[in-house]
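In what follows, a single structure is set out as structure tokens and then discussed.
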Amino acid sequence: MSMSDTRSPDVRTRGPDDDPAVTVVAGVHGDEPSGVHAVERVLDAGHEFQRPVQFVIAHPEAVDADQRYLDVDMNRVFPGDRDSDDRERRLAAELLDVVGETPTLSLHATHSQVDPIALVSREFPRAVETAARLPTPTVVDTTDAVDGALNRFGDVVTVETGQQRTEAATESGVLFIEAFLRLHDALPGVVNDAAPTFYQEDSAVEKPASASPHATCSDVYELKVKNFEQVPTGTVWATVDGEELVAEEAFVPILMSECGYQDIFGYKGHIAGETLSEAREHWGLE
Ligand SMILES: [Zn+2]
């Protein structure tokens, strides 16, 4: 496939002029339609934006195909490469050019968690500040466990708004977009403080292979702990083919599920702070 065959990110700018001050991204993963629907609803709501806002569908082809990605997972290949053979690497580079220095919200949905989660990098303190004021009980720093995600390359807050393909995820996406635009003075109104807890991912947790390679995922893996609840040392936290996995040290499960990811359960981490000031201190932020 030649480069000209890949559809570029779809960008629509609204507001007082064409030079975008803030960015809302959906459709980095093509099988998470709630973000795309949330953008459409906000565009159709008749808002008068006070600052220019660009709304971006990152990967129109994957959205139309209803597939997470076509060649590689875009949210693992930032900053991308315009000369790559992989569509998502080329699109990742294009998307970073579109986003530039603007504060950005990127909408996702998940298998493993119904309550919304904000994902940031502590390398971008302004994104941490924004995430702390969004309508979410949980803010997660992914810096140490996830390479190549969009939130590692700018003032970006990624939100998992809810469960994939649900109306609740779309409605929550609308709330996040409107709150984000209010926080950046693109919409009038105030945002209520949700007072989230702050977590830090330490590492991805690999899934041991099953002895029966053709078995259904949900028959093989059983997770015995809840996300964001501390797992003490010695706890049986999962089983694989009925064999117990025991925690060698205490951890907090983050975005863990039996079958949400192919090769990993999710992430293990720790609490970085019960308040923004505790988290800032934990992360050494000014
Ligand atoms: Zn996603």
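Any read-out appearing in this document is the output of simple, stated calculations on the displayed coordinates, not a laboratory observation. Just so it is clear, the structure is predicted and the values come from calculations on it, not from any experiment. Because the Cβ atoms are built from the backbone with ideal geometry, glycine has one as well, and the counts that use them run over all protein chains shown.
Odds and ends about this structure:
- Listed residues V98, M74, Q50: farthest to the positive end of the dipole of region 35-123 (Cβ charges): Q50
- The tail of the calculated P(r) for region 1-44 beyond 13 Å holds 65 percent of all Cα-Cα pairs.
- Proportion of all alpha-carbon pairs of region 203-269 beyond 18 Å (%): 29 percent
- DSSP-assigned coil residues among trypsin sites (Lys or Arg not before Pro) in region 36-135, each with at most 12 further Cβ atoms within 10 Å: R82
- Considering only T233, T142, T170, the Gaussian network model of the chain with Cα springs below 10 Å gives its largest mean-square fluctuation to T233.
- For region 137-144, backbone phi angles converted through the Karplus equation (6.51, -1.76, 1.60; θ = phi - 60°) give residue-by-residue couplings of x, 9, 10, 10, 8, 9, 3, 8 Hz, Gly and Pro being listed as x.
- Of the trypsin sites (Lys or Arg not before Pro) in region 218-286, the ones in a loop by DSSP (not H, G, I, E or B) with at most 13 other beta carbons within 10 Å are K224, K226.
- Beta bridges per DSSP with both ends in region 1-117, % antiparallel, nearest 5: 40 percent
- Computed from Cα atoms, the angle from the helix 167-183 axis to the main principal axis of the chain rounds to 50 degrees.
- Calculated [222 nm] ellipticity per residue, helices only, for the chain: -7000 deg cm²/dmol; basis is -39500 (n - 2.57) per DSSP H run with n ≥ 4, divided by all residues, nearest 500.
- For region 205-275 versus region 77-141, the gap between their alpha-carbon centres in whole angstrom: 24 Å
- Dipole magnitude of region 150-226 about its Cα centre (Cβ charges: Lys, Arg +1; Asp, Glu -1), debye to nearest 20: 160 debye
- Dipole magnitude for the chain: computed about the Cα centre from +1 point charges on Lys and Arg Cβ and -1 point charges on Asp and Glu Cβ, it is near 480 debye.
- When each of I57, I264, I117 is scored by the number of other beta-carbon atoms lying within 10 Å, the sequence from fewest to most is I264, I57, I117.
- Cα-based shape type of region 3-183, given that a ≥ b ≥ c are square roots of the gyration tensor eigenvalues and the cut on a/c is 1.5: rounded
- Considering only F176, T110, I254, and ranking their Cα positions along the charge dipole of the chain that arises from unit charges at the beta-carbon of Lys, Arg, Asp and Glu, the one farthest toward the positive end is F176.
- Among T23, T158, T197: highest mean-square fluctuation, GNM of the chain, C-alpha pairs under 10 Å: T197
- Share antiparallel - DSSP beta bridges, the chain, percent rounded to 5: 55 percent
- Simple spin-label estimate for E274 and S210 gives 4.2 nm between the two label positions (7 Å along the Cα-to-Cβ direction from each Cα).
- For the residues V157, V98, V139, a GNM of the chain with alpha-carbon springs under 10 Å puts the largest fluctuation on V98.
- Taken over the alpha carbons of region 1-97 as equal point scatterers, the Debye sum produces base-10 log I(q)/I(0) values at 0.25 Å⁻¹ of -1.25.
- Taking D81, D155, D17, D10 and counting other C-beta atoms within 10 Å, the order from fewest to most: D17, D81, D10, D155
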